Amino acid sequence: EQLKQLGDQIKVPVHIQSNKNPYDAAIEGMKKFEKYDVLIFDTAGRNALDKELADELKKLGEKIKPDEVILTIPADLGKVAKKQSEEFHKLVGITGIFITKMDGTAKAGGALAACSATKAKVKFIGTGEHIEDFEVYDPERFVSRLLGLGDLQTLLEKAKEAEIKPEKVEKIVEGKFTLQDFMEQIEAMQKMGPLGKIAQMIPGLGMKVPEDLMEKQEEKMKHYKHIIQSMTKEERENPEIINASRIKRIAKGSGRSEAEVRELLQQYEQMKKLMKMLGGKAGLERGALGKLMKQFGLKI
């Protein structure tokens, strides 16, 4: 059912087996999707390879003749990963490894041992249960994460996927942004995924920021977005016109308190002042943030 939901999100059809055995369900799926160029067969997960599963996989492999056989291993599996991967490899010939649960504290030693045992390369890694948590494996990024050094390349790619516009970021850097710009950046950040995962990609930051603090900040961003959405276009573009009566109306419309509306306006003003204090383009260009922004392709 979860696989069906994920497929619906990215508009990929998924055939769910009815009361048939896995082999019959796979054959049924092959007939249903015979006009497609790529078919993915997801077999049931097992902690051990018993005779029933071995026979099932062997029979299925002989029938569908897969181009790739990818073994999924959680990063926290440990020493048994080597033995399991060897057994699966002898049976169906593993061509790639998919390491999941890379968002935890485990360092994937068992999964790497599986690669050694099967001579198969890591193809993908997973850092959660959502589509955006599925990544193509990159050796440099992987090692960087294991050492706690962050992953700027993935961060940059996620920023591009979220369609973060350089001109909008430049307005924020110069302290010339409106609440509308602020809300658009919140929406772009939300597309990139949880703040905790974004922080882990920034060298030196992921290990320093408590997870609960990130979660609170993420919740606050959602509230800020609702508050801004309850404002008129004129209020978003000219926040200085927002007086006590407008604050009361905005709070009622967004379902948040008047105190939260005032907090947002204060945060907005403080952020503008901070950017100007940093010296706008000239000041940022010399710092680490400036170097990071240049990697986004921003001219500062």
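The values are calculated or read from the model by the stated rules, or taken from the named source; none is laboratory data. Because the structure is predicted, anything quoted here is derived from the model rather than measured. With ideal geometry, Cβ positions are generated from the backbone for all residues, glycine too; neighbour counts draw on all protein chains shown.
Points worth noting:
- Within the stretch 105-122, considering residues that are basic (Lys, Arg) and not in a strand (DSSP E or B), the one modelled with the highest pLDDT: Lys119
- Residue count for the stretch 86-103, restricted to those that are under 27 Å from the mean Cα position of the chain (by Cα) and in contact (Cβ under 8 Å) with a residue 40 or more places away in the chain: 2.
- Some residue of the stretch 22-38 being in a loop (DSSP other than H, G, I, E, B) and touching a residue at least 40 places away in the same chain (Cβ under 8 Å): no
- Residue in the stretch 41-61 that is part of a strand (DSSP E or B) and either outside the structural domain of Asp133 (by TED's automatic domain parsing) or closer than 28 Å to Thr127 by Cβ (or both) present: no
- Verdict on Met102 being at pLDDT 70 or above and part of a loop (DSSP other than H, G, I, E, B): yes
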